[in-house]
Structure formats: C-alpha cells, structure tokens
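Structure record follows, encoded as structure tokens.
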Amino acid sequence: MEKLKLSQAVIVEGKYDKIKLSAILDAVIITTEGFHIFDDSETAKLIKKYASTAGIIILTDSDAAGFRIRSHIKSICPEGKITNIYIPDVYGKEHRKAAPSKEGKLGVEGIDVQVLRELFVKAGAAAENSPQEEKLTMQDFFELGLSGGSGSSVLRRALAAQLSLPERITAKAMLDAVNTIYGKSEFIHALELAKEETGL
C-alpha cells in the first residue's frame, strides 16, 4: 500500500496511534502524550508552528478525553490552519489492552488502517489539486434543523451515525467535518436518511 504524502503535521494522542498511522502516512506525526500537552510548552510550540505554516491535522480518539485534547489544541492555535478528522464510534478494545476504554470505544490505534486511510483521502489531506466545493455555514445548519431547534441534537446524533462521526460531536465540529470530509451530495443524502429515521 502506497503511503499518503502529507504536507501538514498530524496530531495524535499516543505512540501507538503514531505507529499505526506511520504505516499509511508519509508525514510528520506529533503525539500529545495524552493530557501531557496541557503542560508541555515545547510540543505546544511545535504544534503552533506547524499550524501557522504547513497546517495541522488533528486525529484524537472519539471519547471525552480525545475531545478535550482536540479542543485544547484548537485553542492554542486560533489563527492556525487546522483540519479535523474524526474516527467513527467503534466499540471494542485494543489487542494490547486488558480491558476496553472507559467509554468502550476503540481509539485511533484500534481502527482498521484502510478506514483511517479513507478518512485522510476524504478530508482532501493528500489531494494537492482537489476541487473546492462551496462550504456550508452555521446558517445552513440552522435552516436544515441541525442547530438552534428543539430536535436539533436528536437530528445531529442521527446524522452523525449516518456519517460515521462521533455521537458527541457538536454542531460546529460537525460543520467542520462536513466541509472537510464529505461532498455536498453525500451530506444531503445522509441528512435525508437521518430525517427519515427521526421523523424530523
């Protein structure tokens, strides 16, 4: 399998995530060492440098800890070029661990390499001349019933399932994911299925 060559730095949580991605990516991969990033000024500085130049791709786990780390990285790179890639919610445990994680979901290291590769391709991370579609806005999300309405959270959760996004994803994070990972037609189709499912 040919590796995907990326200009951006990829940010992951731990060394096993890095090992997994090294099999499919020709890229700089930086680990946060879990919450250590909150106190590690040198790694934070390096991440900020990449964010302001080549750009960064954040790929943390889809549990609460992963979202907290992702949020922290975004907060320290307010002007940076950031692409968010989200792994789908898959329940189970990594082979090297004695028990599943607290939320029972696989982390980056437990996701199939082909699935990971497709996530990067869909995000356009490896495509130098990918066509730019018109991006959706939060106003679009409001008009489509995905934010600001009584059933918005229910609809977003159903849509997240259709798009293989984490169930706890926020409206803003979902908007980012839709704009970087999915084409408009794929998004609209998934939304129609989510509306059928929820009756909204």
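Summary of values
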read-out: Residues located in segment 177-193, provided they are within 16 Å of residue 142 (Cβ to Cβ) and either in contact with a helix residue (DSSP H, G or I) (Cβ under 6 Å, 6 or more places away or on another chain) or crowded, with 19+ Cβ neighbours inside 10 Å (or both); value: 178, 187, 191
read-out: Members of segment 19-34 found to be among the β-branched types (Val, Ile, Thr), free of Cβ contacts under 8 Å to residues at least 40 places away in the same chain and part of a helix (DSSP H, G or I), listed by number; value: none
read-out: Residue in segment 30-45 that is farthest from residue 9 (Cα to Cα), counting only those that are surrounded by 16 or more Cβ atoms within 10 Å (Cβ to Cβ) and among the hydrophobic types (A, V, I, L, M, F, W, C); value: 37
read-out: Qualifying positions in segment 1-13 - surrounded by 17 or more Cβ atoms within 10 Å (Cβ to Cβ) and farther than 20 Å from residue 53 by Cα; value: 13
read-out: Selection from segment 24-61 of residues that are under 18 Å from residue 84 (Cα atoms), at pLDDT 90 or above and either among the polar types (S, T, N, Q) or not assigned by TED's automatic domain parsing to the domain that holds residue 10 (or both); value: 31, 32, 60
read-out: Verdict on residue 48 being touching a Cys at 6+ places or on another chain (Cβ under 8 Å) and in a helix (DSSP H, G or I); value: yes
read-out: Members of segment 33-60 found to be over 19 Å from residue 97 (Cβ atoms) and of a type in the set (Ser, Thr, Tyr), listed by number; value: 41, 43, 50, 52, 53
read-out: Residues of segment 67-100 that turn out to be part of a loop (DSSP other than H, G, I, E, B), closer than 24 Å to residue 158 by Cβ and either hydroxyl-bearing (Ser, Thr, Tyr) or within 15 Å of the chain's Cα centre (by Cα) (or both), as a count; value: 6
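Residue-by-condition table, conditions (1) free of Cβ contacts under 8 Å to residues at least 12 places away in the same chain; (2) aliphatic (A, V, I, L, M):
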position	(1), (2)
36	yes, no
39	yes, no
47	no, yes
61	no, no
75	yes, no
78	yes, no
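The values are calculated or read from the model by the stated rules, or taken from the named source; none is laboratory data. This is a predicted model, so every value here is computed, not measured. Positions of Cβ are backbone-derived with ideal geometry, glycine not excepted, and every protein chain shown enters the neighbour counts.
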